[in-house]
Amino acid sequence: MGDEDIPDYETFKERIPQELRERVESTSLQKIKQIGTHITKLKTQVDTLKKKESTLLEQIGNVQDELKTVQQQKKDLEDIREQRRVQLKLLLTQNSETSPLFALNSWTSCDTFEKLFDSDEMPFNQRTFQSAIFGRQDVLGIIITASDDIFGSFHTQPIKITSPDMNWTSDENFFVFSLLRGGVPVYGFYKKRSGVYCKQRSIRMVYDDETFYRVNNAFYLRPYLFEKKGKTWDDFCKDYDDVEKGTSLADRLGFTPQRVLLYQCSQSK
């Protein structure tokens, strides 16, 4: 058969029975419509994905901005803390009649302070703290809070556990004190009132309780630093002399300890 014998499309279409031709054309049209519908769906999906991509990119940008903000805030906070440490260090080392060091010298009758414990350098937990203080006398404890409070206590008797039922150290001459409250110098020296219940109770030493550095009716600490793990009382005036009603050792009753120090105190010869 030569090329001249091959029918063109129109001739070929005329030779196909009418019914079959209509069926083929109908099927072809349906497939074309299906393809068109599928293409439309794909375009819609592509548009949706593009919108999601745009939204995600925007969210990623927002998250990155937020991370930068958080990092900057963290840096600012660290700078503030470092400035506070420097200021507090200067405050505690100044030796004038208006300085905390002069007040501590006067209250304790000591002029030599050997550091036993520093939460900036040692683990802040019950075992480490109590190991540093156990069996010692003339021990000064200082608490520095996140609200710029400085207060503590002084214990003249050996700190120990005398029996399972008696874990308070008896000390008639111990006292609690305040140096700074809410960033404001507030010097206070407070001893137990005469005749109050458990007048001799000073510091508590116990190994089956998570509290430590617990001074009778004044304050206590729990681990960890930078958490609300400390408490003081606003009615400790009931047990201590020269305390105005409603006064507490810290600016907030539930305080956040930032640094804790222990010193062995003595009088130079």
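Figures for the structure shown
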{"read-out": "Answer from Ser202, Ser248 - the residue that is at pLDDT 75 or above and of a type in the set (Gly, Ala, Ser)", "value": "Ser248"}
{"read-out": "Cβ-Cβ under 6 Å pairs, at least 6 apart or on other chains, the stretch 178-190 side closer than 12 Å to Thr145 by Cβ, far side assigned to a strand (DSSP E or B) and β-branched (Val, Ile, Thr)", "value": "Ser178/Val186; Leu179/Ile150; Leu180/Ile150"}
{"read-out": "Subset of the stretch 221-238 that is over 18 Å from Gln130 (Cα atoms) and at pLDDT 80 or above - its residue that is nearest to the chain's Cα centre (by Cα)", "value": "Lys231"}
{"read-out": "Val63 modelled with pLDDT under 80, outside the structural domain of Asp138 (by TED's automatic domain parsing) and surrounded by 10 or more Cβ atoms within 10 Å (Cβ to Cβ)", "value": "no"}
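The values are calculated or read from the model by the stated rules, or taken from the named source; none is laboratory data. Note that the structure is predicted; figures quoted are calculated from it, not measured. Ideal geometry is used to build each Cβ from the backbone, glycine not excepted, and the neighbour counts take in all protein chains shown.
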